Every structure is written in structure tokens, then in C-alpha cells.
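Undergrad: Sharing a structure below in C-alpha cells format, with a few things to ask.
The values are calculated or read from the model by the stated rules, or taken from the named source; none is laboratory data. These numbers come from a predicted model, not from an experiment. Cβ coordinates were reconstructed from backbone atoms using ideal geometry, including for glycine residues, and neighbour counts include every protein chain displayed. Note: accessible area is taken over every heavy atom of the protein model, side chains too, but ligands, DNA and RNA are not part of it. Shrake-Rupley method; radii C 1.70, N 1.55, O 1.52, S 1.80 Å.
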Amino acid sequence: MNSLSVRALLVRGMLAGLAAGLLALIVAYVLGEPRVDAAIDFEDAHAHEHGEEVFSRTLQSTGGLATGVLVFGVAIGGIAALAFCVALGRIGRFGPRATAAFVSLGALLTVYVVPFLKYPANPPSVGDPDTIGKRTALYFLMIALSVLLAVAAVILGKRLAPRLGNWNATVAASVAFLVAVGLAYAFLPAVNELPKDFPAMLLWKFRLAALAIQVTLWAGFGLVFGYLAERLLVPKAAAAEPRGTGVDSKAAAAH
């Protein structure tokens, strides 16, 4: 793959990320914002002091939400497009659409689901403000470990494939990945700063909404980018007359 193709795929990845971000924005506004409002109401009812709002809640739930989701979508679209360039032809004999689907699924699992199971998303009023730095560092550490372990599992699977076969090598690499992730879960410290009287149903719905946003984002990216990448890399042959048809027909007419 030459630099021109990589540049074209990068642009298409960012466009696909923007489109996926629009879909995720709808899900975030419909499913996520009502839970955020409910969590803020809980926080206001239990707070002894109320801080001054720099931005109104209306601006946060509209312009702020749109900016954050769309910028994130464009950013991850570009990064995923580069990952696609590396993966194409190296993870199996898959076409652009299938490779895009695998990259999107792998990114969803490694970048979000695996860290989410250890450090799930929390709504406002959950978490001690004094530990936000520690919690953020642990979360990004879990993301880094998940991605590195996934890459190691892919390499392990490819090396085992000649001896074990593709299926057995995939199973062995997957088991190794799960064991390594389990060890990471066990050794990394847990974070449990949930207020005692916080509604369990609200917490559950907020986390489901957060998961739905990410699923929508990555599924949308995989579908849109797979379509764009296939059009670029596997262009359909344009319907055209056989070479020399026009000359032959004129000659036949002359005879």
C-alpha cells in the first residue's frame, strides 16, 4: 500500500468517524443525557455547597455534547483507518469491508469493553473529586494494557497457525488474551466510590447508555469506512465497449 492510498484511507476514516459520531450523538442525547440530568439532580439534592456553573446545562447537553462526540469520532476514525492499513492483508485473506469490521470490533473490545469491565463509566456525583487523577491514570493504563495484550495475542495466533491450524491457533491466542486480562484485573486496584444511597437503577441505565454509545460509534464506523475503503481499493470496472468496437463496426458497415 503506497502513501497515496494511506492518505486517502486516512481522509475516509475521518469522514467515517464523523458520520459514526453523528449516530453516536443521537444515542448520547436520547439515552445518555436524561441519566446525566438525573445524576445531577441527585448531586444537587445531597450537596451542601453548590458551585457556580461556567457553562449552562443546556449548552453542555447540546453544543458541548456535539463538539465532544464529533471531535472524538473524527479522531478515532483517523486512528482506526491507520490500524486498517496495517491490518489489511495481515490478519487473513479478508477484503476491505471484512477487515474494517474486524478492526472496528477489535477496537470496541480492546479500547472500550475490556477497560469498561474493570473501570465502568460513572455518572456525575459518583467518585471522589480528590481521586480523579488516580482514576483517570488507572483507566488509561487499562486501555494501554488491553491494546498491547490484543496485539500480542494476534502475533501469537499467527505464529501458532502453521503448527496448530488457524482455528486452534485463534482459540489458543484468545485464551491467552483472556488469561492476561484476568491477571490485569486482579492486580490493578479496584475503584468503588459509589455513594451509599445512589439509585442502583440509575447507575445501571447510565452504564448501559455509555455502552450503547460506543457500540453505535464503532459499528457505524465499521460499516461506513468499510464501504468507502472498498470503493477506493476495489473499484468496480466501468461498463465500456470492448476495445476497437467502434472501428470494427465502421469497417463492417463499409463492407
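Undergrad: Which one is most open to solvent (accessible area, probe 1.4 Å) among residues in the stretch 191-201 that are in a loop (DSSP other than H, G, I, E, B) and not β-branched (V, I, T)?
TA: Filtering the stretch 191-201 for residues that are in a loop (DSSP other than H, G, I, E, B) and not β-branched (V, I, T), the one most open to solvent (accessible area, probe 1.4 Å) comes out as K196.
Undergrad: Can V114 be described as touching a residue at least 60 places away in the same chain (Cβ under 8 Å), within 23 Å of L208 (Cα to Cα) and of a type in the set (V, I, T)?
TA: When the stated conditions are applied, V114 passes them.
Undergrad: Give V71, V113, V103, V86 a once-over and let me know the one that is buried (at least 18 other Cβ atoms within 10 Å of the Cβ) and part of a helix (DSSP H, G or I).
TA: Sole residue among the options that is buried (at least 18 other Cβ atoms within 10 Å of the Cβ) and part of a helix (DSSP H, G or I): V103.
Undergrad: Separate question: Quickly run through the stretch 205-233 and pick out the residues that are open to solvent by 80 Å² or more (accessible area, probe 1.4 Å) and at pLDDT below 90.
TA: If the condition is that a residue be open to solvent by 80 Å² or more (accessible area, probe 1.4 Å) and at pLDDT below 90, then R231 is the only one that fits.
Undergrad: Mind listing just one residue for me: the one in the stretch 27-61 that is surrounded by fewer than 17 Cβ atoms within 10 Å (Cβ to Cβ), in contact with a helix residue (DSSP H, G or I) (Cβ under 8 Å, 6 or more places away or on another chain) and part of a helix (DSSP H, G or I) and, of those, modelled with the highest pLDDT?
TA: Y29
Undergrad: Going by the structure shown, is L188 at pLDDT below 95 and either more than 29 Å from N122 (Cβ to Cβ) or surrounded by 16 or more Cβ atoms within 10 Å (Cβ to Cβ) (or both)?
TA: no
Undergrad: Take the residues in the stretch 141-181 that are of a type in the set (S, T, Y) and either over 17 Å from the mean Cα position of the chain (by Cα) or not in a helix (DSSP H, G or I) (or both), then tell me which one is modelled with the highest pLDDT.
TA: S174
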